[in-house]
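S.K.: Next up is a structure, given as structure tokens.
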Amino acid sequence: MTVEMKKYRLADIAEIVISSVDKKTKPGEKIVRLCNFTDVYHNWAIKQSDYDSFMVASASDNNVNKLSLKKGFVAFTKDSETRDDIGISTYIADDFDDVVLGYHCALAKPNEKIVYGKYLNAFVSSDYIKKYFELNATGSGMRFTLAVSTMEDMPIMLPSLNVQKKIGDMLSTLDKRIENLRAQNRVLEQTAKTIYDYTFLQCAGHQTTYNKTLNRNIPTNWEVKNMSELAEVVNGATPSTAEEGNFDGGIVWITPKDLSDQKSKFVYFGERTISQKGYDSCSTTLVPVNSILMSSRAPIGLVSIAKCELCTNQGFKTFVPKSDDYTEYLYYYLLTNMKKIEQLGSGTTFKEVSRGSLTSFPVIVPDKKTLDAFNSSIKPLFEKQLVNTKQIEALTTQRNTLLPLLMTGQIEV
């Protein structure tokens, strides 16, 4: 049975308010808590339990009146450095007395007689609307933004309020599970990075001596070697795009855009695959699981760990550790030293880091006892993050598949 739907513009069913409240505390203004861009970006819903995490700022009486968060509202990101960070939404699950939405965000106040807030949040989160925002965002280079008219004209299809409530509640349950897994991964990442910093940056418990190559002290029993002694550094390449037979053949092939889109510590699929014919036609190289990908141009510095056999385009240098013992260590070593690596880049149109520069890049090599202790602590955290990442991907796919089916009545709620 097909669900009867009506098409609206967002401005027809909700008041849209743009925030200009910054992080400052100004004399004469009311002291408030600020729900910022990152709060909206990282949370499936804003709840009373989030209150203590909001920063203290101030806002005028007019902004407090316009931008206070109330149950049923939907907030979404409006400005960002990348198009795909725009239009990320969150549902306001509780009433707040003194929490105001911060700048670079917009607030939609639904007409409750027409639209259910949880349904609106789910609709804004759909691939259809993400693509709408991505295509209609204005700006280039440093910042992209959504014009008021783009938000007002956002198309939305509405079934009855009763059906909206069932759909919104079902999808919110999935969103909550996804957010819980993301929160787990953030905690795991903080823990893992703390262990790395404590072990290798603070060098706790070690006597140190001056190292001439690095121009600083390192633990006495640690060494400095070239990257090539710990990992093979390989290039990527792109088969001719004029030959259709070079693509869609099942060999995982990664571009910097894949890492930028996925924003994941791990990578095991890309937007496109290449064929054996395409692979044979170019100089890209298949690398094994636990190789470390680093974008070497446009931009320099996206880093991810391969979790399947894969190859890349020419925008990468991939590090194939000579032992799995070095995978997690080198992952953080690259991230920690990324500013130094960026300085190795050269070029006029855009900077690129060469394979030669990276093979000779100095790497501190800890003693085996320290490295073993680090790996025994860190590897279980990485394994749990990978499990969570795959569950997030599966739940996201499930949610995105369900939404159009629910809206068209192909699945009853």
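The values are calculated or read from the model by the stated rules, or taken from the named source; none is laboratory data. Note that the coordinates shown come from a computational prediction; the quantities given were computed from them, not determined experimentally. Quick reminder, even Gly has a Cβ in these numbers, built from the backbone with ideal geometry, and neighbours come from all protein chains shown. We work out accessible area using only protein heavy atoms, side chains counted, and drop any ligands, DNA or RNA first. Shrake-Rupley method; radii C 1.70, N 1.55, O 1.52, S 1.80 Å.
S.K.: Which pairs do you get when a residue that is charged (D, E, K, R), found in region 121-150, comes within reach of a residue that is open to solvent by 70 Å² or more (accessible area, probe 1.4 Å) and part of a helix (DSSP H, G or I), reach meaning Cβ atoms under 8 angstrom, with the pair 6+ apart or on two chains?
M.R.: E134/R83
S.K.: Taking the residues in region 61-86 that are surrounded by fewer than 16 Cβ atoms within 10 Å (Cβ to Cβ) and over 26 Å from Y128 (Cα atoms) as candidates, determine which candidate is nearest to the chain's Cα centre (by Cα). Write out each step before concluding.
M.R.: Taking region 61-86 as the starting set, the residues that turn out to be surrounded by fewer than 16 Cβ atoms within 10 Å (Cβ to Cβ) are 61-62, 65, 70-71, 81-82.
Narrowing the set further to residues that are over 26 Å from Y128 (Cα atoms) leaves 61-62, 65, 70.
Numbers: D61: 35, N62: 34, N65: 33, K70: 27 Å.
By that ranking, first place goes to K70.
S.K.: Which members of region 240-256 meet the condition of being without any contact (Cβ under 8 Å) to a residue 60 or more places away in the chain and open to solvent by less than 50 Å² (accessible area, probe 1.4 Å)?
M.R.: Here is the first cut: in region 240-256, the residues without any contact (Cβ under 8 Å) to a residue 60 or more places away in the chain are 240-250, 252.
Once the filter is applied, which keeps residues that are without any contact (Cβ under 8 Å) to a residue 60 or more places away in the chain and open to solvent by less than 50 Å² (accessible area, probe 1.4 Å), region 240-256 yields G245, N246, F247, G249, V252.
S.K.: Would you check if S377 is of a type in the set (G, A, S), assigned to a helix (DSSP H, G or I) and farther than 30 Å from N235 by Cβ?
M.R.: Working: of a type in the set (G, A, S): yes; assigned to a helix (DSSP H, G or I): yes; farther than 30 Å from N235 by Cβ: yes.
So S377 passes the test.
S.K.: If we scan region 267-274, do we find a residue that is surrounded by 13 or more Cβ atoms within 10 Å (Cβ to Cβ), of a type in the set (S, T, Y), more than 21 Å from the chain's Cα centre (by Cα) and over 25 Å from F382 (Cβ atoms)? Before the answer, list the steps.
M.R.: Let us first name the residues in region 267-274 that are surrounded by 13 or more Cβ atoms within 10 Å (Cβ to Cβ), namely 267-270, 272-274.
From what's left, of a type in the set (S, T, Y): 268, 273.
When the remaining residues are screened for being more than 21 Å from the chain's Cα centre (by Cα), the result is 273.
Add one more test, that the residue is over 25 Å from F382 (Cβ atoms), and what stays is 273.
Scanning region 267-274 turns up at least one residue that is surrounded by 13 or more Cβ atoms within 10 Å (Cβ to Cβ), of a type in the set (S, T, Y), more than 21 Å from the chain's Cα centre (by Cα) and over 25 Å from F382 (Cβ atoms).
S.K.: So E271 fits all but one of (1) more than 27 Å from L344 (Cα to Cα); (2) among the charged types (D, E, K, R); (3) touching a residue at least 24 places away in the same chain (Cβ under 8 Å); (4) in contact with a helix residue (DSSP H, G or I) (Cβ under 8 Å, 6 or more places away or on another chain); what number is the exception?
M.R.: For E271, the failing item is (3).
S.K.: Can you name the residue in region 330-352 that is among the β-branched types (V, I, T) and at pLDDT 95 or above and is also farthest from K317 (Cα to Cα) among such residues?
M.R.: Kept after step one, since they are among the β-branched types (V, I, T), are these residues of region 330-352: 336, 341, 348-349.
Keeping just the survivors that are at pLDDT 95 or above gives 336, 341.
On the way: T336: 17, I341: 12 Å.
Here the residue is T336.
S.K.: Tell me whether region 399-406 contains one or more residues that are at pLDDT 90 or above and open to solvent by 60 Å² or more (accessible area, probe 1.4 Å).
M.R.: No: zero hits.
S.K.: Please specify each residue of region 105-133 satisfying the condition of being open to solvent by 60 Å² or more (accessible area, probe 1.4 Å) and either hydroxyl-bearing (S, T, Y) or more than 24 Å from K6 (Cβ to Cβ) (or both).
M.R.: First, the residues of region 105-133 that are open to solvent by 60 Å² or more (accessible area, probe 1.4 Å): 111-113, 127-128, 130-131.
Y128, the sole residue that qualifies.
S.K.: Related question: Keeping to region 226-285, report how many residues are closer than 22 Å to Q385 by Cβ and either of a type in the set (A, V, I, L, M, F, W, C) or assigned to a loop (DSSP other than H, G, I, E, B) (or both). Spell out how you get there, then give the answer.
M.R.: We begin by selecting, within region 226-285, every residue closer than 22 Å to Q385 by Cβ; these are 231, 252, 254, 256, 258-270.
Okay, now just the ones that are also either of a type in the set (A, V, I, L, M, F, W, C) or assigned to a loop (DSSP other than H, G, I, E, B) (or both), so 231, 252, 254, 259, 263-270.
Total meeting the criteria: 12.
S.K.: If you check T327 against the conditions, is it touching a residue at least 24 places away in the same chain (Cβ under 8 Å), farther than 17 Å from W253 by Cα and among the polar types (S, T, N, Q)? Walk me through it before giving the result.
M.R.: Working: touching a residue at least 24 places away in the same chain (Cβ under 8 Å): yes; farther than 17 Å from W253 by Cα: yes; among the polar types (S, T, N, Q): yes.
It is true that T327 is touching a residue at least 24 places away in the same chain (Cβ under 8 Å), farther than 17 Å from W253 by Cα and among the polar types (S, T, N, Q).
S.K.: Sticking with this structure for a sec: Could you go through region 180-198 and let me know if any residue there is of a type in the set (S, T, Y), at pLDDT below 90 and outside any strand (DSSP E or B).
M.R.: Our first condition is that a residue be of a type in the set (S, T, Y); within region 180-198, this holds for 191, 194, 196, 198.
Now drop any that are not at pLDDT below 90, which leaves none.
Within region 180-198, not a single residue is of a type in the set (S, T, Y), at pLDDT below 90 and outside any strand (DSSP E or B).
S.K.: For residues that are open to solvent by 10 Å² or more (accessible area, probe 1.4 Å) and touching a Ser or Thr at 6+ places or on another chain (Cβ under 9 Å), tally how many sit in region 318-338. Lay out the reasoning, then the answer.
M.R.: Keep residues of region 318-338 that are open to solvent by 10 Å² or more (accessible area, probe 1.4 Å), which gives 320-326, 328, 331, 333, 335-338.
After this cut, where a residue has to be touching a Ser or Thr at 6+ places or on another chain (Cβ under 9 Å) as well, the list is 320-321, 331.
Residues flagged as open to solvent by 10 Å² or more (accessible area, probe 1.4 Å) and touching a Ser or Thr at 6+ places or on another chain (Cβ under 9 Å) within region 318-338 amount to 3.
S.K.: Quick one: in region 205-218, of everything that is within 35 Å of the chain's Cα centre (by Cα) and touching a residue at least 40 places away in the same chain (Cβ under 8 Å), which residue is surrounded by the most Cβ atoms within 10 Å (Cβ to Cβ)?
M.R.: I218
S.K.: Do we have any residue at all in region 299-310 that's open to solvent by less than 40 Å² (accessible area, probe 1.4 Å), out of contact with any Phe, Trp or Tyr (no Cβ under 9 Å at 6 or more places or on another chain) and over 21 Å from L335 (Cβ atoms)?
M.R.: Looking through region 299-310, none of the residues is open to solvent by less than 40 Å² (accessible area, probe 1.4 Å), out of contact with any Phe, Trp or Tyr (no Cβ under 9 Å at 6 or more places or on another chain) and over 21 Å from L335 (Cβ atoms).
S.K.: Looking at (1) more than 30 Å from Y119 (Cβ to Cβ); (2) open to solvent by less than 30 Å² (accessible area, probe 1.4 Å), which one does E352 not meet, given that it meets all the others?
M.R.: So E352 meets the others, but not (2).
S.K.: Which of the numbered conditions does W222 fail, given that it passes all the others? Conditions: (1) out of contact with any His (no Cβ under 9 Å at 6 or more places or on another chain); (2) at pLDDT 95 or above.
M.R.: Every condition holds for W222 apart from (1).
S.K.: Quickly run through region 166-204 and pick out the residues that are open to solvent by 40 Å² or more (accessible area, probe 1.4 Å), farther than 22 Å from K265 by Cα and touching a residue at least 24 places away in the same chain (Cβ under 8 Å).
M.R.: Matches in region 166-204: K166, D169, M170.
S.K.: Select from region 1-52 the residues that are in a loop (DSSP other than H, G, I, E, B), in contact with a Phe, Trp or Tyr (Cβ under 9 Å, 6 or more places away or on another chain) and open to solvent by 80 Å² or more (accessible area, probe 1.4 Å) and list them in ascending order.
M.R.: Matches in region 1-52: S20, K23.
S.K.: Scan region 357-379 and tell me whether some residue there is surrounded by 17 or more Cβ atoms within 10 Å (Cβ to Cβ), of a type in the set (G, A, S) and farther than 23 Å from I251 by Cα.
M.R.: Yes, the conditions are met somewhere in region 357-379.
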